[in-house]
């Protein structure tokens, strides 16, 4: 017979023995299994048995567990809290600035400089909500603006400070003005209201 017999199930004469390739494959699978088991063992040893945490270093002289006395609840009287009935905020879905009414475009007469200086959001003033300030532009003409702060009215010229911390920065368009309250800047037109 020749080296190639043509019979489909005859082994190749020049091929290595079938046992050598399967042994290599078996050794590869065993080595991969050992590595996986070693990694799993290390993970369990560190996480379950309380190994060191590489992110937060331990402080010398301190234990990781808190003092049991520190966990005790402080003695507090059993008193029910009082109900709170004040207004906390405003409607988050309501407009911050309202549009001027149709007849609000009439110019207001000029008045003398403001004399009363109320604190913003002062309690006790009628028509105010404690902790909230209502700022409304009543009219703008030339370099003056007439504003209402809570219940007090002021006629202010550009650059003047009123109600201790408010300032008229500029007027524009004959019906709008720019104001400052501390670091906050805002623009309002006649009839518009800002509540803060």
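Each reported figure results from applying straightforward, stated rules to the coordinates on display, with no laboratory input. The structure displayed is predicted, hence computed values, not measured ones. A quick note on method: Cβ atoms are made from the backbone with ideal geometry, for glycine too, and the neighbour counts reach across all protein chains shown.
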Inset, instruction - Confirm whether residue 184 is farther than 14 Å from residue 97 by Cα and in contact (Cβ under 8 Å) with a residue 60 or more places away in the chain. - result: no
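Which of the strands (runs of 3 or more DSSP E) found entirely inside the range 127-196 contain at least 1 residues meeting this: over 20 Å from residue 92 (Cα atoms)? So that I can check it myself, show each step before the final result.
Numbers: elements: 134-141, 144-149, 152-157, 166-172, 176-181, 184-189, 193-195.
The qualifying strands (runs of 3 or more DSSP E) are 134-141, 144-149, 152-157, 166-172, 176-181, 184-189.
Residue-wise test of (1) under 17 Å from residue 96 (Cα atoms); (2) more than 28 Å from the chain's Cα centre (by Cα); (3) surrounded by fewer than 16 Cβ atoms within 10 Å (Cβ to Cβ); (4) in contact (Cβ under 8 Å) with a residue 12 or more places away in the chain.
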site	(1), (2), (3), (4)
135	yes, no, no, yes
139	no, yes, no, yes
160	no, yes, no, yes
163	no, yes, no, yes
168	no, yes, no, yes
175	no, yes, no, yes
196	yes, no, yes, yes
